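J.: Could you have a look at this structure, given as C-alpha cells, before my questions?
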Amino acid sequence: MTLPLPLRPSRHSPKVNPSPTITLDAQHLKKSYGRGKGRFEAVRDVSLRIGAGEVLAFLGPNGAGKTTTIKMIGGLVRPDGGQVSIDGLDPHRQSMALKRVGAVLEGNRNLYWRLTPLENIEYFGGLRQVPRRVARQRGEQLLEQFGLSDKHKTPVQKLSRGMQQKLAIAVALVHQPTLLLLDEPTLGLDVEASETVKTLVRDIAAAGCAILLTTHQLDVAEELSDRVAIIRQGQIIAEQSTHELIQQFSGSAYRIDCGQSIDPQRAGKIMDLGGTVVDNQVHFSSDALYELLDILRPLPIKEIRQDRADLTDVFLSLIRDGDQAPIRDLKQES
Ligand SMILES: Nc1ncnc2c1ncn2[C@@H]1O[C@H](COP(=O)(O)OP(=O)(O)O)[C@@H](O)[C@H]1O
Ligand SMILES: [Mg+2]
C-alpha cells in the first residue's frame, strides 16, 4: 500500500539509513493545572524523541500525563517549561510546525457527524491550508486505501465506530504530516476494527511518518512499536526499544524439560535455589542457571527454554516497583 505521504526514510530500510531523521524532539516538558493549593503537576519532566518511520508507544497508568504530553507536542496545550521541535520547528512559536503534525485525540474523533467522509477530509484539509482540489484528491486516495471508498457519501454518524476511527486517522493525514499523534487509537474498537487500525498504523510508519501512540492495550503497543516510553506520575520511568525491554525482563527466566520425573532430593535442592519443579519441568528465574544444571547432572535434558516476558509483565513490574533501582538502569540517558 502506498500512502500519499512525503517519501521519507523508512524503518524498513535501516541499512540505508542507520540514523534516521529525528522528526520529534521534545525536551523537559512540564505542565501544571490549577493554582495555589490546588496546583497539580500533571507532567513533571518528559523528554521524547521519535525518528522518521518510527513508532513510539507511550504507556502509563490513567492520569499519568500521556494526553497532556500529546497535547503539548501537538501545540494544543502550552507547556510551563521545556521545548517541542517537529522537524526543527516549534509548534508553540512557529505555526508552520502545525502543518507537520496530525493528531487523533482520545475520545474526540475530530469529525463532523453530518458531513460525509470526503467532506470532512476537505474541510479539515482547508484548516491546514490544503487547497480544496488537492484535499479532495488526497481524500479519495486515503478513503480508497483505508477501505472507505464505498462510504464516501455516507454521513459520518452512520458509519461504524471502526470506520469513524479510520476516517479520523485519514483526516489527520490529509496535510501529509511527518508526525502523527494517536491517543488510544484502538480504544473501544472490536477485534476486527482494531486489527485494521493496527495495519494502517504500520503502513503509515512504513511510509516514513513518525508515530507517537498512547494505548492501554499493551498487546497493541507490543505489536506496533519500535520503542516504548513508560510514564508514571508525570515522569518517564523507562524508555527503550520494545524488543530490548522485553528481552531484558525475559533474560533470566528459564524452563528446563528433563524428559523424566525429578527425584525429591534434587527437587529439594532446586527449591532451595529458588526454582519450582512441576512434573518433568523446572521453572527457574535467576542468574544461577549453571548451579541449577549442576544439580540436575547427569539427568538427560530435553530442552532449555528462555521464558519470554511480554509487555504486560514489563509494564506491571515497572509500575509496581516504580521507585526501585532497575528502572533507572532502563532509562536511556540523553
Ligand atoms: N484541563 C485539566 N485541568 C485540570 N487537570 C487536568 C486537566 N487535564 C488533565 N488534568 C489532570 O492531569 C493529570 C494527567 O492527565 P492526562 O494527561 O489526561 O493523563 P493520561 O492521559 O495519562 O490519563 C490527571 O490527574 C488529570 O486529572
Ligand atoms: Mg489520556
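Bear in mind that the values in this text are calculations on the coordinates, not laboratory data. Owing to the predicted nature of the structure, the values given are computational and were not obtained by experimental measurement. Note: ideal-geometry Cβ built from the backbone for every residue, glycine included; neighbour counts use all protein chains shown.
J.: Working from Cα positions, state the angle (0 to 90°, nearest 10) between the long axis of helix 132-145 and the longest principal axis of the chain.
T.: 30
J.: With angles folded into 0 to 90 degrees, how steeply does helix 161-173 sit against the dominant principal axis of the chain? Use alpha carbons for both and round to 10.
T.: It works out to around 70 degrees.
J.: At a temperature of 37 °C and a viscosity of 0.692 mPa s, determine how fast segment 100-166 diffuses translationally according to Stokes-Einstein, using the Kirkwood radius over alpha-carbon pairs as Rh; express D in µm²/s, rounded to the nearest whole number.
T.: Result for D is 271 µm²/s.
J.: Okay, moving on. Less than 22 Å apart at the alpha-carbon level, and either on another chain or at least 8 residues along: which lysines does that give for residue 158?
T.: List returned: 166.
J.: Straight-line reach from residue 31: which lysines fall under 26 Å, measuring Cα to Cα and dropping same-chain residues less than 8 apart?
T.: 66, 71, 99, 331
J.: With just the Cα atoms defining each centre, how far is segment 67-124 from segment 238-266? Give it in Å.
T.: 43
J.: Rank-order 34-41, 111-118 by packing density, defined as the average count of other C-beta atoms within 10 Å over each peptide's residues, highest first.
T.: Answer by packing, highest mean first, reads 111-118, 34-41.
J.: If I model segment 252-306 as equal point scatterers sitting on the Cα atoms and use the Debye formula, what is log10 I(q)/I(0) at q = 0.13 Å⁻¹?
T.: Those come out to -0.23, one per q.
J.: Another question, then. When a footprinting reagent is the concern and you count Cβ atoms within 10 Å, what order do 184, 192 take, fewest first?
T.: By the 10 Å Cβ count, ascending: 192, 184.
J.: Any idea what the alpha-carbon Rg over 2.2 N^0.38 Å comes to for the chain?
T.: Its radius of gyration relative to the 2.2 N^0.38 Å reference: 1.19.
J.: If you take the beta carbon distance between residue 312 and residue 37 as r and set R0 to 45 Å, what does 1/(1 + (r/R0)^6) give as a FRET efficiency, to the nearest 0.05?
T.: 0.75
J.: Next up: Projecting each Cα onto the charge dipole of the chain (Lys/Arg +1, Asp/Glu -1 at the beta carbon, about the Cα centre), which of 299, 316, 120 comes out farthest on the positive side?
T.: Farthest towards the positive end: 120.
J.: Also, quick follow-up: Whose amide H sits under 5 Å from the amide H of residue 236, counting only residues 5 or more places off or on another chain, with H placed in the peptide plane?
T.: Result for residue 236 returns 45, 47.
J.: For the peptides 301-314, 165-178, what is the packing order when you average, over each peptide's residues, the other Cβ atoms within 10 Å and list the highest mean first?
T.: The peptides rank, most packed first, as 165-178, 301-314.
J.: Sticking with this structure for a sec: With the convex hull built on the Cα atoms of segment 177-334, state its orientation-averaged projected area in nm².
T.: If you wrap the Cα atoms of segment 177-334 in a convex hull and average its projections, you get 12.7 nm².
J.: Still on this model: Out of residues 5 or more away from residue 253 or on other chains, whose amide H comes under 5 Å of its own, with H placed 1.01 Å from N in the peptide plane?
T.: Here 307 satisfy the definition.
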